[in-house]
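For reference, the structure is listed below as structure tokens.
The values are calculated or read from the model by the stated rules, or taken from the named source; none is laboratory data. This one's a predicted model, so the numbers in the text were calculated from it and none came from an experiment. For neighbour counting, all protein chains shown are included, and Cβ atoms are generated from backbone atoms with ideal geometry for every residue, glycine included.
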Amino acid sequence: MTLRNLPPSGERGRQTYLVNYTGFAAATMPCGTVDGLPVGLQVIGRPGSEATVLRACRALEQVLPPVVPAEAS
């Protein structure tokens, strides 16, 4: 696998692709905006720790303010 074989940038999961490819568990989640641009957080765990990564994301969802999607222009 080389960087040329990466999925197109429009595919969902592109932010975690390399991490997942190497065997680590990863997830991304929206965290709001800065200067009108969306900001996300990537949570990475040990190989096989998908459940832990998802629990961490869920815990963050509980304490972070809700993310309101920007209106399409």
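Tell me, yes or no, whether segment 5-14 has at least one residue that is surrounded by 12 or more Cβ atoms within 10 Å (Cβ to Cβ), at pLDDT below 85 and part of a helix (DSSP H, G or I). Talk me through it step by step, then tell me what you get.
Of the residues in segment 5-14, the ones surrounded by 12 or more Cβ atoms within 10 Å (Cβ to Cβ) are 6, 14.
Then drop every residue that is not at pLDDT below 85, which leaves 6, 14.
Restricting the remaining residues to those that are part of a helix (DSSP H, G or I) gives none.
For segment 5-14, residues surrounded by 12 or more Cβ atoms within 10 Å (Cβ to Cβ), at pLDDT below 85 and part of a helix (DSSP H, G or I): absent.
Restricting segment 17-54 to residues that are surrounded by 12 or more Cβ atoms within 10 Å (Cβ to Cβ), farther than 20 Å from Val67 by Cα and among the β-branched types (Val, Ile, Thr), which is modelled with the lowest pLDDT?
It comes out as Val19.
Which ones in segment 63-73 are modelled with pLDDT of 75 or more and over 14 Å from Leu41 (Cβ atoms)?
The one that is modelled with pLDDT of 75 or more and over 14 Å from Leu41 (Cβ atoms): Pro66.
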